[in-house]
Amino acid sequence: MDTAEKYLNLLSAGKALIDKNVDDIANMANLSQLITEHFPHHWVGFYRVFGDNLILGPFQGPIACTSIAFGKGVCGKTWETQTTQIVDNVHKFPGHIACSALSNSEIVIPCIRDKKVFAVLDIDSTDFGTFSQIDKEYLEELVSYL
Ligand code: SME
């Protein structure tokens, strides 16, 4: 199965799984596991906006930083710019926050509701240059179901 086919499966499962009538935590918990089942990356999870910080939400993977300030790291930059960040080499990203020494590339997608970022989806890989425009396109679609 190629990447696009895997993403199409992921999207249809995601759409069926997400229940708009429950708290975001429940949907994010299932989505982080669902993404991991299709793409077993090093770390897959959400940070949610509370005031001036992103606070750790549901995730799959090693223990991570609990709080990230607006504009800081790849996650904070995603919140600030409201745009997906693809980082081929996290060691070259100014201000990258290294929660795990094993992460080498990363993609962070903003979750937007009523034109505001309410969370970000963060995926880390142990390989360099893992993520592309294909990941961006499908993952943006996935988080739009939240
Ligand atoms: N690397 C992220 C921090 C979150 S962890 O990767 C789970 C960043 O620079 O924002």
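Any read-out appearing in this document is the output of simple, stated calculations on the displayed coordinates, not a laboratory observation. Every value quoted in this text rests on a predicted model; they were computed, and no experiment measured them. We place every Cβ from the backbone using ideal geometry, glycine too, and count neighbours over all the protein chains shown.
The coefficient of translational diffusion for the range 44-94, derived via Stokes-Einstein from the alpha carbon Kirkwood radius under 37 °C and 0.692 mPa s, stands at 284 µm²/s. What residue among 136, 115, 15 shows peak mean-square fluctuation when the chain is described by a Gaussian network model with Cα springs under 10 Å? Judging by the Gaussian network model, the answer is 115. Each Lys or Arg adds one and each Asp or Glu takes one away; over the other residues whose Cβ falls under 11 Å from the Cβ of residue 100, this sums to -2. Other residues whose C-beta falls under 9 angstrom from the C-beta of residue 123 contribute a net charge of -4, scoring Lys and Arg +1 and Asp and Glu -1. Ignoring the sites themselves, the chain has its longest run without chymotrypsin sites (Phe, Trp or Tyr not before Pro) in a DSSP loop having at most 16 other Cβ atoms within 10 Å at 1-69. What the pair-distance distribution of the range 32-129 shows, using all Cα-Cα distances binned every 5 Å from zero, is 3, 15, 27, 27, 19, 8, 1, 0 percent.
Hey, what number do you get for the chain at 222 nm if only DSSP H runs of n ≥ 4 count, each worth -39500 (n - 2.57), divided across all residues, to the nearest 500?
Values: 4 runs with 50 residues, N = 146.
Here the helix-only value at 222 nm equals -10500 deg cm²/dmol.
So if R0 is 22 Å, what FRET efficiency would residue 140 and residue 88 give, r being the distance between their Cβ atoms, rounded to the nearest 0.05? Could the numbers behind the result be given before it?
On the way: r = 18 Å, r/R0 = 0.84.
Taking R0 as 22 Å, the efficiency between residue 140 and residue 88 is 0.75.
I need the shape label for the range 1-64. Rule: rounded when a/c is under 1.5, else prolate if a/b > b/c, else oblate, with a, b, c from the alpha carbon gyration tensor. The shape class here is oblate.
Centroid-to-centroid, using Cα positions, the range 30-56 and the range 90-128 are 10 Å apart. Based on Cα contacts under 8 Å between residues 6+ apart, the range 9-146 shows a relative contact order of 24 percent. Taking 24, 88, 114 as the candidate residues, the one with maximal mean-square fluctuation in a Gaussian network model of the chain, Cα springs under 10 Å, is 114. Compute the signed sum of charges (Lys and Arg +1, Asp and Glu -1) over the other residues within less than 11 Å, Cβ to Cβ, of residue 145. With Lys, Arg at +1 and Asp, Glu at -1, the net is -1.
Of all lysines in the structure, those lying under 20 Å Cα to Cα from residue 116, and not within fewer than 8 positions of it along the same chain, are 20, 72, 77, 136.
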